[in-house]
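The values are calculated or read from the model by the stated rules, or taken from the named source; none is laboratory data. Worth saying up front: this structure is predicted, and the values here are computed from it rather than measured. Just the protein is used for accessible areas: all its heavy atoms, side chains included, with ligands, DNA and RNA removed. Shrake-Rupley method; radii C 1.70, N 1.55, O 1.52, S 1.80 Å.
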Amino acid sequence: MLAKQTGVDSVSIIENEKPIDIAKRALKENKNDILIIDTAGRLQIDEALMEELRRLKSILNPDEILLTVDAMAGQESLNVARTFNEAVGITGLVMTRADGDARGGAVLSMKVETGAPVLWVGTGEKLDALQQFHADRVASQILGMGDVVSLVEKAQEHISEKDAENMMTKMFSGNFDLNDMMNQIKQIKKMGSIGGLLKLIPGMSQMAGALKDKATDSAINRQLAILQSMTPKERSNPEIIFAARKQRIATGSGTTVKEVEQLLKNYDKMRSQMKQLSSFGSPSQLMEMMKKQE
């Protein structure tokens, strides 16, 4: 399934085939420059499976041996790294679930213990959520300082400069409606989990855990469901959404009338704040003012 999604070759599945035999067949059938063998997860105390890793290493003679570790595992991951390094020799580390509540401080211990560099960081469940490791950025997150560079890179990947400019112009002109709000939420969802994004914002990383009940992906999905249950006319003219329409929208989105009303209040508050900012001029004029203050 992963091979199809990424457009690469993979060995065919033969039922009940042993891992050692799969590895031998992969070597024989491979016609590419790079061959990736993904072994099943295992506990370091399972000697039989650890011995299987040793056999695989002798057969494959790999250039790299990467250990995937869970950022949420804490210092226990240090014991895992130590055992695997002693068994097969680790050349690199991959830290997953870096978008969770844990800051990933244990990765420092693993680097010192094994001497292997951290190469990749997983910040979500989708294939595009695998990123190169940048020590300075992760250090900032561990210290609670956020990572603005990564946040900007995420935004640039999923939101074009033209779309961002159009959105800002709409917001400052007062023409920002619920259709725009819905598109904005969709763009934010493309950037990854809300908890992961909060950790990248300076001053918000320590609050990410406290806010998780209020700012979860589930809450964002519920807001999106409410917006998608409205008609295009309602999203363009929110002032026509009275009691009967609110009830229909709540039923269609699987939410409550109170949640629909809260979304409308948030929208009105956002528009009000944008109008206040627009009194200072256009987005470009505001940016110039901010630069002069520096």
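Are any of the pairs Lys233/Lys265; Lys111/Lys189; Lys57/Lys190; Lys57/Lys111; Lys126/Lys265 more than 27 Å apart by Cα-Cα distance, and if so, which? Beyond 27 Å between Cα atoms: Lys111/Lys189; Lys57/Lys190; Lys126/Lys265.
Rounded to the nearest percent, how much of the accessible area of segment 1-136 (1.4 Å probe, protein heavy atoms only) is carbon and sulfur?
53 percent
Per residue Cα convex hull volume for segment 1-66, in cubic angstrom?
Details: hull volume 7.4 nm³, N = 66.
Taking the convex hull of the Cα positions in segment 1-66, it is 112 Å³ per residue.
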